[in-house]
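Heads up, the thing below is written out as structure tokens.
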Amino acid sequence: MVDRLIITDIGHRGDGVAPTPDGPVFVPYTLPGETVDADAVQGHPDRRHLLHVVEASPDRVAPFCPHFGVCGGCAIQHWAEPRYRAWKRDLVVSALSQAGVDAQVGDLIDAHGEGRRRAVLHARQGTKEIVEVGFSALRAHTLVPIDRCPVLAPGMAVAIDAAWAIADVLGPLKKPLDIHVTATLNGLDIDVRGSGPLDQARASALARVAASGRIARITRHGEMIAQIAPPLVQMGKAKVTLPPGPFLQATALGEQTLAELVLDHVGNAKSALDLFCGLGPFSLRLAERIRVTAIDSDQAAIEALARAAQATPGLKQVTALRRDLFRLPRPAMDLVPFEAVVFDPPRQGAEAQAREIAKSKVKTVVAVSCNAGTFARDAAILMAGGYKLSRVTPVDQFKYTAHVEIVARFAR
């Protein structure tokens, strides 16, 4: 059954929202003020497939990617930039308001830069014994084969071709592959997941793919297959050798922007504790001027950070420690030696750690987040403990999606 709907808003996932007698329904790739025809999504009464835009918004623009609307990677390429930016900033404003947090939210910073420096491509066995490589469709398990992606950085130029070559070597595929690709200073770092054990012939064939050009390393579930050069990324003065399949900010400009905000908020503190530090994008830059203790649960990341710190002349002392901060948050009494605390947790936030920080006397706390909802929850915890939220800055490194980064300063 086809419904004619009037879109009134854009939801927090980037879908258009249309009111109906049975409640709001969500229609991807639509804009406020549009009249559209849409049909039902089986098993999801609150979702619709867009069939046709009957009356388009004056803010609708032509998407720049031929795969937009089929590939699930980008939610919004069809909205004029000013309206898109206002909506993305409002994601943070709304999340804070819903959590009862009163704060001034700054202008959205565009940190897309040259584009994404990492991506996960999927490969599966298609029809007629043909292997397909691409991205997932919107909220579906189907694959959209692609030959290019305009949101990727220039350093990822051969990523799609490399993924196709790897899938061909490993085909026919008994189960889907996830091919994690990261652009580094020495070429692509690729970790293949889902392939199962490799025989010598296929391992040798993958090594030949690596040697064909612009690939630094290929691993399988973290196990070395071939390394042409160490996969390095620059973090301030330091160069970090990546462990296989690491977490890294999506864009180089995004990492730089977040780090500059963190350093600005830390100010003149003489020592800092960096919680959920990952590979050290904040720790290594902070160490150019102050002592840093860096903590994360990922042993490989902690070791990579420590090696980079030791190999970089002129840094202040960096102490890198492994600890699961979800199960064992750093207690308030252990925060006494630090003048500033930085925390940058995964999407689920850092509720337990925020409660410990709220009990401490640390003067400056800098929170970095990739989830407006959990950031707002953690902010409310800190404020209930006596901290004042002075600055909130939204950062857009996942451009054309509903994801937004946040950096905020809390002070006593």
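Extension gain, Val120 to Arg355: 0.36 nm times the residue separation minus the Cα-Cα distance gives 81.2 nm.
How many percent of the accessible area of the chain is carbon or sulfur, using a 1.4 Å probe? Walk me through the numbers on the way to the answer.
Working: 9770 of 18760 Å².
In the chain, the share of accessible area belonging to carbon and sulfur is 52 percent.
Applying D = kT/(6 pi eta Rh) to region 125-171, where Rh is the Kirkwood radius over alpha-carbon pairs, T corresponds to 25 °C and eta to 0.890 mPa s, the Stokes-Einstein value obtained is 210 µm²/s.
Dipole size of the chain about its Cα centre, with +1 on Lys/Arg Cβ and -1 on Asp/Glu Cβ: approximately 1300 debye, rounded to the nearest 20. Applying the Karplus relation 6.51 cos²θ - 1.76 cosθ + 1.60 with θ = phi - 60° to region 287-292 yields 3J(HN,Hα) values of 5, 5, 9, 9, 6, 9 Hz, where x marks Gly and Pro. Other residues within the sphere of radius under 12 Å centred on the Cβ of Leu284, judged by their own Cβ, net out at +3 (K and R +1, D and E -1). Solvent exposure of the chain, expressed per residue, is 46 Å² of accessible area, with all protein chains present and a 1.4 angstrom probe.
Taken one residue at a time, the phi angles of region 348-362 give Karplus couplings (6.51, -1.76, 1.60, θ = phi - 60°) of 6, x, 9, 4, 5, 5, 4, 5, 5, 4, 4, 8, 8, 10, 4 Hz. Gly and Pro are set to x.
Let's test the formula: R0 of 22 Å, r as the Cβ-Cβ distance of Arg208 and Phe64. What FRET efficiency results, to the nearest 0.05?
Working: r = 35 Å, r/R0 = 1.58.
It comes out at approximately 0.05.
Of Ala380, Val395, Val362, whose Cα points farthest to the positive end of the dipole of region 343-405 (charges on the beta-carbon: +1 Lys, Arg; -1 Asp, Glu; origin at the Cα centre)? Going by the charge dipole, the pick is Val362.
Of the peptides 332-344, 271-283, how do they stack up when ordered by the mean number of other Cβ atoms within 10 Å, highest first? Display every interim value, and only then the final one.
Numbers: 332-344: 18.3, 271-283: 25.7.
Put in order of decreasing packing, that is 271-283, 332-344.
Based on the Kirkwood radius over alpha-carbon pairs, what is the Stokes-Einstein translational diffusion coefficient of the chain at 37 °C with 0.692 mPa s viscosity, in µm²/s? Display every interim value, and only then the final one.
Details: Rh = 23.0 Å.
So the translational diffusion coefficient is about 143 µm²/s.
Provide the percentage of antiparallel DSSP beta bridges, counting only those with both residues in the chain; round to the nearest 5. Roughly 65 percent of the DSSP beta bridges within the chain come out antiparallel.
Near Arg47, the amide H atoms lying under 5 Å from its own belong to Phe26, Val41; only residues 5 or more places off or on other chains count, and H is placed 1.01 Å from N.
Show that you can apply the helix-only estimate: for the chain, add -39,500 (n - 2.57) for every DSSP H stretch of four or more residues, divide by all residues, and state [θ] at 222 nm to the nearest 500. Don't skip to the answer; put the middle values down first.
Values: 8 runs with 95 residues, N = 412.
Taking each H run of at least 4 residues, the total per residue is -7000 deg cm²/dmol.
Between the amide H of Leu173 and those of Gln125, distances stay under 5 Å, these residues lying 5 or more places away or on another chain, with hydrogens modeled in the peptide plane. Taking the charge dipole of region 250-386 about its Cα centre, with +1 at Lys and Arg Cβ atoms and -1 at Asp and Glu Cβ atoms, the residue from Ala269, Val342, Thr257 reaching farthest to the positive side is Ala269.
Of Lys270/Lys361; Lys316/Lys359; Lys237/Lys270; Lys88/Lys316; Lys239/Lys270; Lys270/Lys399, which pairs sit farther than 26 Å apart, going by alpha carbon to alpha carbon? Flagged as over cut-off: Lys316/Lys359; Lys88/Lys316; Lys270/Lys399. Here the Karplus relation 6.51 cos²θ - 1.76 cosθ + 1.60, evaluated at θ = phi - 60°, turns the backbone of region 200-213 into coupling constants of 4, 5, 6, 4, 5, 5, 5, 4, 5, 4, 4, 7, 6, x Hz, with x for every Gly and Pro. The residue among Ala226, Leu315, Pro331 whose Cα reaches farthest toward the positive pole of the charge dipole of region 185-341, with charges on the beta-carbon of Lys, Arg, Asp and Glu, is Ala226.
The values are calculated or read from the model by the stated rules, or taken from the named source; none is laboratory data. Since the model is a prediction, treat every value here as computed from it, not as a measurement. Neighbour counts run over all protein chains shown; Cβ positions are idealised from the backbone, glycine included. SASA here: full protein model, heavy atoms, side chains in, ligands and nucleic acids out. Shrake-Rupley method; radii C 1.70, N 1.55, O 1.52, S 1.80 Å.
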